[in-house]
1. Tally the residues that are surrounded by 22 or more Cβ atoms within 10 Å (Cβ to Cβ) and either free of Cβ contacts under 8 Å to residues at least 24 places away in the same chain or farther than 24 Å from residue 52 by Cα (or both), restricting the search to the range 239-260.
2. Being modelled with pLDDT under 90, loosely packed, with under 15 Cβ neighbours inside 10 Å and outside any helix (DSSP H, G or I) is the filter here, so list the residues in the range 166-211 that pass it.
3. Could you say which residue among 48, 5 is surrounded by fewer than 24 Cβ atoms within 10 Å (Cβ to Cβ) and under 13 Å from the mean Cα position of the chain (by Cα)?
């Protein structure tokens, strides 16, 4: 990441310390990172933010419970608590209605909000990178996301699950993600989101599905062709339901194609965002 053009800022949103990265100038674009252990704005968007900042004011927060933002978990409706906090953040930084790009959990949050009865965000355009669609597969790679114990070996398993290429297993990169996962409160916040009620009480939980057919916002799906966490061609069900949808399948990339194939993904993002002025 080009530190000369990227600034980390801190603000208070509804009483909660909120940290974010900002770069560039002009029309705003907001970025939402993934929800894995060690997930945060800088690691997720280090290959994206500088490229978009040449054309836009790019804002990438650490979402509630992650990175340097307040470690708060809502056990009644964690998804909506995170969305409400993010919506208030967008208001605070002057980015209401800005195009939004999310990776994994971040993309799922954008789609969930867009399909709701009363969307909080209403971005002009949505990009979801490996977020939404079918549930994660039952596999050792998915298990690695849930079974993290803070060790180097466990973080190496997460990195293996997220990426297609072996070069990401570099010791320094694994340790960087591990360090992010062990910021005070970060492990607890992410682990808590994985708690589940006993089976007998599951019917009391609110339905968590997304009504994709209700989403009218122009949307781009970016999918890694070698994603180890998602079913094969997971985006097909969305193509059949969403009215204004484009799909980019990125070869030789896993769950984070914006990191593995940044040139291809950044070109696609810029082209998609540029069309926003015509909507």
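The values are calculated or read from the model by the stated rules, or taken from the named source; none is laboratory data. These figures come from a predicted structure and were not determined experimentally. Here the Cβ positions follow ideal geometry from the backbone for every residue, glycine too, while neighbour counts run over all protein chains shown.
1. Here is the first cut: in the range 239-260, the residues surrounded by 22 or more Cβ atoms within 10 Å (Cβ to Cβ) are 242, 250, 253-260.
Then drop every residue that is not either free of Cβ contacts under 8 Å to residues at least 24 places away in the same chain or farther than 24 Å from residue 52 by Cα (or both), which leaves 242.
Qualifying residue count for the region: 1.
2. 194, 195, 196, 197, 198, 205, 206, 207, 208, 209
3. Working: 5 fails: under 13 Å from the mean Cα position of the chain (by Cα).
None of the others qualify; the one that does is 48.
Per-residue answers, yes or no, for (1) in a loop (DSSP other than H, G, I, E, B); (2) farther than 17 Å from residue 177 by Cα:
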| position | (1), (2) |
| --- | --- |
| 9 | no, yes |
| 22 | no, yes |
| 35 | yes, no |
| 39 | yes, no |
| 55 | yes, yes |
| 71 | yes, yes |
| 82 | no, yes |
| 86 | no, yes |
| 89 | no, yes |
